[in-house]
Amino acid sequence: MPDDTPLFHPTADTQSSRDTTTRKTKRGAGGETHQQADGAPHLTTAQGAPVADNQNTLRAGPRGPALMEDFAMREKIFHFDHERIPERVVHARGYGAHGYFEVTDALADITSAHLFQKAGMRVPAFVRFSTVAGNKGSADMVRDVRGFAVKLYTEEGNWDIVGNNIPVFFIQDPIKFPDLIHSVKDEPDRGFPQAQSAHDNFWDFVSLMPESMHMVMWQMSDRTIPRSFRFMEGFGVHSFRFVNADGKSTFVKFHWKPRQGLQSVLWDEAVKINGADPDFHRRDLWNAINSGDYPEWDLAVQLFDDDFADRFDFDILDPTKIIPEEDVPLRVVGRLVLNRNVDNFFAETEQVAFCTQNIVPGVDFSNDPLLQGRNFSYLDTQLKRLGGPNFTHIPINAPRCPMHHFQQDGHMQMRGPKGRANYEPNSWAQGGPRADTTRGHHSFAEPIEGEKRKLRAESFADHYSQARQFYISQTDIEQAHIAEALVFELSKVETVAIRERVVAHLPNIDESLAKKVAEGLGLQSVPAPHVPAVTPRGDLPPSDALSIIRKGPDSFRGRTLGIVMTDGIEDALLDALIAATEDAGGKVVLIAPAVGGVTTIGGRHIVANEKIDGAPSVLFDAVAVLADDAGAAQLGEMHPARCFAADARAHAKFIALSAEAAALFNADSADGTAQGIHILTGPQDAVPFLEACGALRCWERPGG
Ligand code: HDE
């Protein structure tokens, strides 16, 4: 064999350096080669040099040493070595999509913000949803707060509303944020547990921070295990200001309300979903958008003035408090639609840089101390993550409006301003941009006075009253879930003193909750309550707006029915079920003992989407099992099929069964539609089943 013969040519595409000339190339007008005859572009280096061989490193002899002069190989490995950027220190795992925001109700009297001047104004938007604690590769369905960060590309610059799916936060002062996050992330000595708060450090910290108790109630509720990004609310959390053309300020709180209705899963489902599909949330969003089922949220604002702020029982600057919708009603002013998936996850979702400091004229900050701290942090963190001050040149971060300034140079500068003027004032004819006092951003002229001290206002001192209000606003089912979540998390805490210190906060919220949790943990009694800084109020009324179940959907739209099929099923029943689901705006996933599918009694071959082992019932909003006698017996022999049935029952799902499949679910004549179990006698039963599914869960079924 001659020395220059490569030893291995896996495919016809991977020609040796000797014979690449046999491939035909097209020449451009300037004689440059762009494409091969089959239309595929030439492989080049990052410098643009065509590459002849992408399979073999340049060697001295077929078995000899690699040569350093192989610039194509070195450049390729060099770039690969540097593919990663630091993941976000919080909210590392996230998923984004593009869309638009449209104003439906102008606010010209309230804010001079360009986009709110008239109804119908539309701006492009990018949204990134995230979990907080887990690393980039952690699972989607962990118990965690979800980030809900919105970038609006307005004509007067990018406006970022960097919110969460919970309207309050754990702490009142930014100086505590590193402590909070250190405590919830994996413990530093052992490097676990990941993406969960169920460990000593987190509960130790919050047990010593009474201000976190309101947020802890939300965190232990089903809000932190949302069924999908599409079915959760978003909140700006802080009070912001709108400022109108006359310089008048109105406080504003931002709420994103999903038009799909709210929905969460049960904890047992969450645990199993993480195993079955760790990408459950991102897959859901990707699939929904790809299939044209675009998720939408209304933007609602709570608007209030200084008089209300002074009258309000709590401090409107305190991010551990809500303003109940009953006190200040929501006004819907716009809608957000997500209608385009990213082309490249890294370029868009990973590199998007949200900054709370990104506001536009007509919007201003309040003195919420947490917000003020965030205004430092987000810009700072981009420098570390994206490597330089020019991250606004990355397309996902670039404003879509003209920009003119005298900033220059720096790492990865993409724009070379022309001309001599790079400072201002200057006297050159082409002197560059000038500040515009009319269009430019003006801060609200808020009079400020006070002593310069490290202080927290007395008005921030009540830590329990709204925690109680949240708890008593939940349905019985939701209250039970909160108690169960607390028991689960604290049972993972190894230090008994920490468990007790957490439980000692609960009587200040609700005696019965304290008792349930103490019992669940096997404590002898409820520990003596912590002495609150301010006596908690018992008179705050329950608010329906705080419950998920009360804000559920009214149809099966956007939800998924998992249908298990076996050979020998009736065509008409399957067809009716699929049609009824699609008519209700839902989707069907077909599941079979083998992914190749089944043959119906009518002789049709139906291809399955999933083999039953890979499609447990936890992945679906409702389920159906269609089988003949032999099929039911076959499923009864399969462990995944038995788990499918047992879980669907235990998780209170609506279930449709062919008569033969009833035994698999231990369903008998005592069950019925009142119990959420529909034995389908014929195609006519499909529509009533789907109507029932609109309620999502049959909580009435005893034991689920
Ligand atoms: Fe963040 N937060 N945060 N945060 N946060 C970040 O910025 C920070 C807070 C939120 O999808 C970081 O670009 C401090 C509240 C979301 O890219 C960092 C404080 C709320 C996202 C940071 C807070 C949030 C972040 C990490 C206390 C709800 C993800 C990467 C003063 C209103 C945005 C980054 C995305 C991300 C700091 C508190 C929401 C380190 C210092 C309150 C949704 O800058």
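The values are calculated or read from the model by the stated rules, or taken from the named source; none is laboratory data. Since the structure is predicted, the reported quantities are computational estimates derived from the model, not experimental observations. For neighbour counting, all protein chains shown are included, and Cβ atoms are generated from backbone atoms with ideal geometry for every residue, glycine included. Calculation scope for accessible area: heavy atoms of the full protein, side chains included, ligands and nucleic acids excluded. Shrake-Rupley method; radii C 1.70, N 1.55, O 1.52, S 1.80 Å.
Within the chain, the longest run free of exposed loop sites, counting chymotrypsin sites (Phe, Trp or Tyr not before Pro) that sit outside DSSP helix and strand states (H, G, I, E, B) and have at most 13 other Cβ atoms within 10 Å, spans 9-405. Amide H contacts under 5 Å for Arg537: Ser465, restricted to partners 5 or more places along the chain or on a different chain, H placed in the peptide plane at 1.01 Å from N. What the phi angles of the range 67-75 give under the Karplus curve with 6.51, -1.76 and 1.60, with θ = phi - 60°, is a coupling list of 9, 4, 6, 6, 5, 5, 5, 5, 5 Hz, glycine and proline written as x.
Considering Cα pairs under 8 angstrom that are at least six residues apart, work out the relative contact order of the range 461-549 and quote it in whole percent.
Over the range 461-549, the number comes to 48 percent.
Solvent-accessible surface of the range 93-237, averaged per residue with a 1.4 angstrom probe and all protein chains in place: 26 square angstrom. Counting only protein chain heavy atoms and rolling a 1.4 Å probe, the accessible areas of Ile578, Ile175 rank, largest first, as Ile175, Ile578. For the cross-link pairs Lys176/Lys321; Lys492/Lys516; Lys253/Lys454; Lys587/Lys653; Lys136/Lys384; Lys257/Lys551, which exceed 21 Å when the distance is taken from alpha carbon to alpha carbon? Correct reply: Lys253/Lys454. The alpha carbon centroids of the range 78-139 and the range 629-679 are separated by 42 Å.
Before anything else, pin down the relative contact order of the chain: Cα pairs under 8 Å, at least 6 apart, normalised by residue count, whole percent.
Numbers: 1346 pairs, mean separation 78.0, N = 704.
After rounding, I find 11 percent.
Taking a straight Cα-Cα cut-off under 20 Å and skipping sequence neighbours fewer than 8 places away in the same chain, the lysines within cross-link reach of Lys248 are Lys118. Could you let me know the centre-to-centre spacing of the range 307-355 and the range 458-501, using Cα atoms, in angstrom? About 24 Å separates the Cα centre of the range 307-355 from the one of the range 458-501.
Given a 1.4 angstrom probe, what's the average accessible area per residue across the range 413-469, in square angstrom? Walk me through the numbers on the way to the answer.
Working: 4830 Å² over 57 residues.
Heavy-atom accessible area per residue stands at 85 Å².
In the chain, the portion of solvent-accessible area held by carbon and sulfur atoms comes to 53 percent [1.4 Å probe, whole percent, DNA, RNA and ligands not counted]. Across the range 554-570, computed HN-Hα scalar couplings (Karplus, 6.51 cos²θ - 1.76 cosθ + 1.60, θ = phi - 60°) run 10, 7, 8, 3, x, 9, 10, 9, x, 10, 8, 10, 10, 4, x, 6, 7 Hz from first to last residue, x flagging Gly and Pro.
Per residue, how many Å² of accessible area does the range 262-395 show with a 1.4 Å probe?
On the way: 5250 Å² over 134 residues.
Result: 39 Å² of accessible area for each residue.
Once backbone amide H atoms are built at 1.01 Å from N, Gln55 has no partners under 5 Å, excluding neighbours fewer than 5 places away on the same chain.
Using a 10 Å Cβ count of at most 16 others and DSSP loop calls, identify the longest part of the chain lacking such GluC sites (Glu not before Pro). Counting at most 16 other Cβ atoms within 10 Å as exposed, the longest clean stretch of the chain is 156-324.
When both the range 550-582 and the range 524-545 are represented by their alpha-carbon centers, they are found 45 Å apart.
Each label point was placed 7 Å from the Cα along the Cα-to-Cβ direction; for Leu379 and Asp409 their separation is 2.0 nm.
Once backbone amide H atoms are built at 1.01 Å from N, Asn135 has Ala195 as its partners under 5 Å, excluding neighbours fewer than 5 places away on the same chain.
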